[in-house]
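Peer 1: This is the structure I have questions about; it appears just below.
The values are calculated or read from the model by the stated rules, or taken from the named source; none is laboratory data. Small disclaimer: the values here were computed from a predicted structure and weren't measured. Reconstructed Cβ throughout: ideal geometry from the backbone, glycine too, with neighbour counts over all protein chains shown.
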Amino acid sequence: MLYSRLVEAYEKIEATTKRIEMTDCLVRLFRETPKELIHKVVYLTQGKIYPDYLGIELGIAERMAMRSLSIATGVSFNEIEEILKKLGDIGKVAEYIASRRKQATLFQFAKTPLTVEKVYETLDKIAKTAGEGSQDLKIRLLAGLLNDATPKEAKYLVRTVTGKLRLGIADMTILDALSIAFFGTKDPRPILERAYNLCSDLGKVARLAAEKNLDALKSFKPIIGIPVRPMLAERLSDPKEILAKLNYSCAAEFKYDGERVQIHKNGEKVKLFSRRLEDITHQYPDVCEYVKKYVKANRAILEAEIVAIDPDTLEMRPFQELMHRKRRHNIAEAMAQYPVALYFFDIILLEDEDLTQVPYVERRKKLEEVVVESDHTHLAERKVIEDQEDLEKFFEYAVEQGCEGIMCKSTSKDSVYQAGNRGWLWIKYKRDYAAELTDTLDLVVVGAFYGKGKRAGKYGALLMAAYDPQSDKFYTVCKVGTGFTDEDLEKLPEMLKEYKIEHRHPRVVSEMEADVWFVPAMVLEITGAEITLSPLHTCAKGVIRPEAGLALRFPRFTGRWRTDKSPEDATTVKEIIEMYRSQKRIKVAG
């Protein structure tokens, strides 16, 4: 299959902001793709060559790509650097230089066309090249591809290897396209989505879809060593409303201020995955030892919160202290300075039994059977509650103990583990949402505005957005410029550099024109005075009042970078609507 076919689809996708048109482009591409190549086409369309949890990255920085481009075209590195300053996009630089070379060599023999197989195989070599001299070999391998590439192919090759493909396609759009391409309808889409949520591998799902093997997709189960996409929760601030949503009975659990971790135990082997499915085993060798010692199961997948604790009193410490464990070196030193404890709250697999379809009450019972409590291993504290007053008291008790709040979980027969989905089976009741003036939201950076005065030449404010799972888009909520330290402002441009794009991202809905736009990727914790109606912001536009959206009044950065959250884990539009309605009720009651 020619790589130019992928590039043709990418050009059309990049030219539209309409999800239906994007899906149609993918449907046509997938139908034309040979079955044995479909997984590679899906990975390349995601801008990768393997599923994220394997941690295999191409490892090509922008300057390395520029060196490859220089070797392939004969254009000096300095000249490429100057062109990049003008165009601002390494992909467009590659296209421009390759176009110029094509005109200069018009009468030379045609080069061998690039195929998907060759591109994927070469990128695979680049990713797996390590050790002494690996950087030079990566540069030469990429130069070889660029030498055979057309200008358009060069643009997308360079964007792919530098992690800047940025087509605006989400995983859910790819699942829609796979369902339509191979089953003729969106009807099997939930089956494909569940399979994806259990294996976290779109390529694997694509292969089975291409074979029209619906039975295999239906029979997916969790596998030890392969992370399951975590179940998510809704948020409410009214205990009465929470109980109503949960049929007036729930299991309220402490919501610990730590890092959510998915633990895979296979005998003496333990793997740890973050909520973003990154392998974080190397950061927590102490946690691995606790699991081996205190989890009485040979094979299991469990969920817990890793919490920093005081080494002398074993009391819980703030989330910020846990962030010191985010390192690749001096792990032993970090373990001594910042010890941790585990608070287990769910179990997904026990021995070879898939527990995702088992009700919460039964899962909790099995969790209690396998976890031995110690100074460093605990079951999440919980209480079954049927009364609003009891819920409020338990909430206050959790806050006193140093927790963020509580998680209220359904105890009904249908309280299954909804991998990768957000629903009303779990509802967060957080400290931040208990008071009208201390609301905290996890919002996504989608744009920036240049500063003035002391902030001249830097970003003075960021445009923040909430996520809407229904439309798979991000809607603006506020423009935040306070709460940032001088150090924050200095490092912001560098931190956001890799996400910078020339135009508003297709998944961002904004009526404000930012000076700079970004791919929705970075999540920040933002606090504010209250949620208000806004003629400027697009969050929940028209839901409360025609032509008005919802915005955060007097927004301020809390200082907490939510690196543990993906943009799809951000506060949702629906949650902000609920928060707005709740605070209005509080005002009326007052």
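Peer 1: Considering only segment 392-432, how many residues are over 24 Å from SER566 (Cβ atoms), in contact with a helix residue (DSSP H, G or I) (Cβ under 7 Å, 6 or more places away or on another chain) and of a type in the set (A, V, I, L, M)?
Peer 2: Matching residues across segment 392-432 total 1.
Peer 1: Now, a different point. What number goes with the only condition from (1) closer than 22 Å to MET407 by Cα; (2) without any contact (Cβ under 8 Å) to a residue 60 or more places away in the chain; (3) of a type in the set (Ser, Thr, Tyr) that THR281 does not pass?
Peer 2: The failed condition is (1).
Peer 1: When you scan segment 479-488, do you find a residue that is aliphatic (A, V, I, L, M), closer than 27 Å to MET172 by Cα and assigned by TED's automatic domain parsing to the domain that holds ILE531, even just one?
Peer 2: Checked segment 479-488: no residue is aliphatic (A, V, I, L, M), closer than 27 Å to MET172 by Cα and assigned by TED's automatic domain parsing to the domain that holds ILE531.
Peer 1: Next up: Just to verify a result, which residue in segment 262-306, among those that are of a type in the set (Val, Ile, Thr) and crowded, with 23+ Cβ neighbours inside 10 Å, is nearest to LEU322 (Cα to Cα)?
Peer 2: If we take residues in segment 262-306 being of a type in the set (Val, Ile, Thr) and crowded, with 23+ Cβ neighbours inside 10 Å, then ILE306 is nearest to LEU322 (Cα to Cα).
Peer 1: Would you point out the residue of segment 357-406, among those that are among the aliphatic types (A, V, I, L, M) and within 22 Å of TYR294 (Cβ to Cβ), that is surrounded by the fewest Cβ atoms within 10 Å (Cβ to Cβ)?
Peer 2: Among residues in segment 357-406 that are among the aliphatic types (A, V, I, L, M) and within 22 Å of TYR294 (Cβ to Cβ), the one surrounded by the fewest Cβ atoms within 10 Å (Cβ to Cβ) is VAL372.
Peer 1: Let me ask you something else. Would you confirm whether any residue within segment 489-500 is surrounded by 14 or more Cβ atoms within 10 Å (Cβ to Cβ), touching a Pro at 6+ places or on another chain (Cβ under 9 Å), modelled with pLDDT under 95 and aromatic (Phe, Trp, Tyr)?
Peer 2: Yes, that holds for at least one residue.
Peer 1: Condition test on LEU198, is it at negative phi and in a helix (DSSP H, G or I)?
Peer 2: Yes, satisfied.
Peer 1: Restricting the search to segment 27-53, which residues are surrounded by fewer than 18 Cβ atoms within 10 Å (Cβ to Cβ) and free of Cβ contacts under 8 Å to residues at least 12 places away in the same chain?
Peer 2: Of everything in segment 27-53, just one residue is surrounded by fewer than 18 Cβ atoms within 10 Å (Cβ to Cβ) and free of Cβ contacts under 8 Å to residues at least 12 places away in the same chain, namely GLU36.
Peer 1: Something else now. Can you confirm whether ARG159 is charged (D, E, K, R) and out of contact with any His (no Cβ under 7 Å at 6 or more places or on another chain)?
Peer 2: yes
Peer 1: May I ask you to list pairs of residues, at least six apart or on different chains, whose Cβ atoms are under 6 Å apart, with the first in segment 148-159 being surrounded by fewer than 24 Cβ atoms within 10 Å (Cβ to Cβ) and the second being among the acidic types (Asp, Glu)?
Peer 2: PRO151/GLU95
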